[in-house]
Structure formats: C-alpha cells, structure tokens
Amino acid sequence: MTDTPGPPADAEPVPPTAPGGDRYQTTFQFFGTDPPPDFLSSPTAPPRQVAEEQLSRLQQRFVRPTGINDAYDTLERHNIVFLRGTPGNGRTTAAKVLLRELPRGSGTYKEIAPDPDGQSPEPLTPELVGEGDRMLLDLAEAEEDVWTRYHDQLPGFHKVLLDKRSFLAVVLPQPYADGLSPDFAAYRKSVNRPDDLEVIARHLRVRGIDTRDCRRAPRELTAYLANQPPMRELARLADIILEARETAEPADSFPDWCRRAIAAEKIRAEEVNDFVPALRAGSQRALLLTVAMLHGAPADAIHRATAILQRNLRIARDDRPLLEHKSLMERLHEVGASRNDASCVHFDKLRYDHAVRHYFWRNMPDLRRPLRDWAEETLGLPQFPEEHQKALVVRLAELCALTEDADRLTYLAWDWAKQPTDPTHTRAAVDWLSWGVRNEHEPTSRHFRSAIYTWATHRLEPSMRQVLIDVCLNTMAFTHPEQAVVRLHHLARREPWSKADSRNSARRVLLALVAMDTRLRLYLLYRLAVLAPQTDEARRQAADASLFLGLLMMPSRPEHVLLQLTSTRLWLSKCWTNVLRWFSSESWLPHLTQWVAAVDSAEDPDLVHQALDVLVDASAENYPALRQIYLTVRKSLSAAKAERLLSRIAEVQRKRPPHQAGSKKGTQS
C-alpha cells in the first residue's frame, strides 16, 4: 500500500531507563486475573471454538459432489490433499469439510492465510504445527510468487505432517494447478460441481423448511441455475428465498417463493430503472435513496436523514405551512415504501432497497461523495439505533467496493477513526474495517488486513489505535487469529509507556486473546523469541520482554505446555535472556518465583528440571542474575532441586572463559 494514509515514518520516543543502568524500571501490573477490557467487547468464546462451530454449520449445508470421497481417502491416508476445480465450484468449502470429517484428537483446525512477505504468519513453520492439527492452505487467489513460495516448502512440510500425524488440505490456484510437483501428483484431486438444486434445498432444510417439493423447480429457477452461478451466489439465493417465504401468502409454495426471489434479483433492477426517471421531484428521490440506505430503520430516523440529504444537495424545501405538508406516510407511499407496526420503514417489494442503492450509485457518479458525507452526518443522529448505524456503514462500503480501488476503500475508516471525541464515528470505522476483513472476496479481505498491518507498524493517534485493537480482537481473531496476534503485537510494541497498562491497551488485549488459545500462546512466544527486533530497537525489545512476563503470568499456566518441546524451551530461554537484560531484578524476580512454583506443582518431575535448565541457559552470560536465580530457587524448591540447579550452574560456568566467570564462592553463597 504505497498511498496508505498514516504517518510516513516510525519515530519512537526514548523510553525511561533505570538510574545508573540500562534496564527499564517497569510499573506494569502483568496480566493475571484482571477482568477483560471495558471499552472493547471481548469475545464470548475462544476464536478457535467459534471456528469449529462455523465448520459444523458449514458441514450441515454441504452437498457432496462426485469424487469427494476419493479426496477424503487421500487426505486420511497421506495427510495431505491438493484440490483443484473451476472457481465457484466450492473448492474451499470442500477443503474445510474434508478437514472437519477427519477423526479428531488433540489437534485443532486452523487456516494458513497467505499474506505478503513480512506480514506473517510465517509460511509453514514446523514448530507451530501441533499433534493432530487440521490445516487449510487456501491458495485459490494466490499470485505466482506466493504460489512458488509455498510450493517449494511443501516437500519438507509433508514430512512434518507425517511425523505429527497432522493434515493439510491445499486449494490450488487454477493457473498453476498443473505445475504441482510430480511427487504430489497422486494427491491432486478434482472438486466437481454439486447438484445446484440440492445445494439450495440443503440451505433451506437446515433452516427448518420442508423441502419435499423442492424438486418442483419453476422455469425461472431452472434458467437461473443453467448459468452455473458460484456456490456463494446459490447460498445468497437461498437466503432471498427465505425472505420471500416470510412475506408470502399462506397458499404459496416453493415455486412461488423462487419466482419472487429471482424477480428480486433481476426484475427489481428493471423496475427501478423505469421508476426513478419518472420520479422527477428532488425531495422524492431524496426520500427514495434514504429509505434504501437506511432500510428497516425507524421512521423518525428516515425523516431526519432525508432532511439532511435534501439540505446537503440543496433541494428546495416545502415553504408551505407545516399542516399543509404531506404526511410521512403519504410520502413513503409515493416511493413504494411503508411503515410497519414497529414504526420501521421498508419497501413493499422484496430486495427493492438493493436495486435502488445500486441504481443511484452507478448512474449518478457525482452523487457518490455527497452520499459519503451524508452517511457520516447521519450516523450522529440521536434517533438512529446502533444496529442500523452498522447496517448503513456496511451498505455504503458495499457501494464503494463497486467503483473504488482497494486503497480508497480504507480511507473513510481512517478519516472516521481520527475523530477522538466521537464514539459513533469510531464505531463506524470499526464496522467498516471489520466488513473489509470479513469480505468473501479474498483480495479485498487481504487488502484490508494489509492496511491494518501497515497502520499497526506506525505510531498512531489513540483513537485509531483503539479502532485497530477492536478490529483485531473482535473480527480478525475469528477469521485470521494468527494475523490478529501479529497486528496486536506491533501495536503493543509501539504503545506509549504511559498507556501500556491501561485496560484497553494493545498489550492487555493481546494477552487476553492468547490466553484463550494455547496455539496462539505458542505463536506469540515464537514471535517474541524468533522474530525479536534488531539490537538497536531498544524500546521494542523491552516491550517484548514485558509481553513475555505477561505470558508467563496467565492463570492457565502455559509453561507446562511450552516446556515439553525442545524448540519451545529454546524460545523460553531467549525470552528470559531478554527479560534479564532489560528489566531490574525487582521487576522479574516475582514472576520467576511464581513460574518456578507453578512448574513445581505439576505432576511431571521433568518439568522442574526443564524449567531450571531454561533459566540457567538464559542467564549464562549474566552472573548477577544467575546468582539471584539460584538464591530464589533455593528458597522456593527442595534441597535436591536446588542442588540440581547448582550442578547446572557449575556446568555452565566451566564452559565460560575464565575472565567471564564469577567467583565460585559467590555462586555457592
């Protein structure tokens, strides 16, 4: 993103230092049993649990195409499968369902989302693969360089899958599917198109609709399906059929619902094309467009928003006495709308609002910028409920996506987020970015995630920082959890020291997020140890050390998991080295004591030895810290365990050059 709004440079303030030394005196209260942040609505369930629930619902709606069983057998026997097929045939959905159908043990489901270089998660990192994991690598939209980067790692990664009894389903990019390595040719399977009518029937069936007469498809539906629309369009059509059913006459049946739903997509556009030119009065068009943008909103909000649009577009007001004006009901009737018993406004025809919005946006280009300004002002109306504010933001974003390039799609969120005293527009910025991250069009979603990454790697105004934290926690954590960790990590590194302990800080939110998922804790530890900043980035190294201590203080005691692998013990040692370098002993000793005590309470005696080895390795070049660690352990653990630590210290001291070693008397004191 070369033209992304935001600061051009990443200047950092000089952090405070301890008197007489280079270590930071911290005042952080590290994450422990504090309640969740109050500004942000933290997730009600762990992101991976939500992902599993979504997979379950997807499986219920899935119609098995021919050949899918062969793909499943390949995945189960060889731990990997490559899916190819025509775009729109449901390749990605098929991959998710295959992974869902595998026997499930201790592993988790996760998606490896391709990202530009440097934006993580790192492609196919073996240490981040858990026993029995089920992984999806969706390369359907990948460019050639991304495809090549992943393809070249697959042979070695397949060995990791076999060793850990994990599984990987890869969705191949159509242009490069034939370039798959011959070693994997036998694992390449085609995803055929399922029965279109059964896809619609299955969507209706899981919503409680009797589908026994779905085979009596009307001619309109048969003609629509003959064009082989993408699977996501069939799912959308099923939703419209449900809308048509809810407003149908009692005697209507499935063919009638289908006719209304298809008419809503095609005929509505033709009706609007004829209706709007005949509606000559500017006040009528303003009301028509307002109802379309705020469809379903309260009548008072429609009335106020219409007045704002008329004023902004300089449409003459009715100068007659108020009692001579037409009533709102009369005016709504003129544009084909009405007010229901709950005083909410709807068009009388199904999907008419969609057709009206698209008509004005496509046919009146000069109206686009005024419409964006109008939306910004309308969001602040006191009569406008929050749920309808979100609907307006999403509708405006969908319109902008029709004509704007990817960079410009993010600008409005940036502008709204810069209004620090206006929570309405801050929330609108969150809704806009969340819409982009969740977008079904992968290039659009990838661009929004990239924009958030770019902003997160710069110093930001507090309002924009809070917007990004919210989007990462409440949207990206569910769609791309590892990427949410990456962006929150960058925000935490650049957080002002005075804000790092606040309840809504990036640091606290990041720790709260990874506390819900062992895999995310492992991933954050990997980033803190392996992707440490350069040596001259002192501020960020200290921030990483603070995050590591917060990671250790989690009530779920992740150290019991992290100590079990050689690679993770190495990461723990590197992070402890960073802590000992940047923080005074007054800061890290309480955390060390609690960490050792937690490990000592575990049933596995090897954990204590592993934890002590980590501490010795971390402090091998730091004799004062090594001495304090020994004194602390001697007070906290049994004499035998303290003796074990002393033996390891002596071993390390013998390996050090003589001029670096401290006195043995001091070591044993």
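So what's the angle, to the nearest 10 degrees on a 0 to 90 scale, between helix 386-403 and the longest Cα principal axis of the chain?
80 degrees
Quick one: check the C-alpha center-to-center distance for region 608-637 versus region 96-111, whole angstrom.
40 Å
Rg and Dmax of region 576-643, Cα atoms, in Å?
11.4, 33
Using Cα pairs closer than 8 Å and at least 6 residues apart in sequence, work out the relative contact order for region 269-378, in percent.
It comes to 36 percent, rounded to a whole number.
Quote the charge dipole size of region 344-478 about the Cα centre in Debye, to the nearest 20; the model charges only the Cβ of Lys and Arg (+1) and of Asp and Glu (-1).
Computed charge dipole of region 344-478: roughly 220 debye.
Which residue, chosen from 125, 181, 98, occupies the Cα position most advanced towards the positive end of the dipole of region 64-190, where the dipole is computed from +1 (Lys, Arg) and -1 (Asp, Glu) charges on Cβ about the Cα centre?
98
With a cut-off of 8 Å between alpha carbons and a minimum separation of six or more residues, what is the relative contact order of the chain in percent?
The value is 15 percent.
Mind checking the dipole of region 269-378: about its Cα centre, +1 per Lys or Arg Cβ, -1 per Asp or Glu Cβ, Debye to the nearest 20?
320 debye
If we count other beta carbons within 10 Å of each Cβ, what is the order of 464, 476, fewest first?
464, 476
Measuring from the lowest to the highest alpha carbon on each principal axis, how far does the chain reach, largest first, in angstroms?
On the principal axes, the chain reaches 99, 64, 41 Å in Cα extent.
Of 483, 54, 576, whose Cα points farthest to the positive end of the dipole of the chain (charges on the beta-carbon: +1 Lys, Arg; -1 Asp, Glu; origin at the Cα centre)?
Final value for the positive-end residue is 576.
Using +1 at the Cβ of each Lys and Arg and -1 at the Cβ of each Asp and Glu in the chain, identify which of 241, 85, 211 lies farthest towards the dipole's positive end.
Final value for the positive-end residue is 85.
Counting Lys and Arg as +1 and Asp and Glu as -1, each charge on the Cβ, what is the dipole of the chain about the Cα centre in debye, to the nearest 20?
1160 debye
Only the coordinates and a few stated rules stand behind these numbers; no lab work does. Note that the structure is a prediction, hence the values are computed from the model and not measured. With ideal geometry, Cβ positions are generated from the backbone for all residues, glycine too; neighbour counts draw on all protein chains shown.
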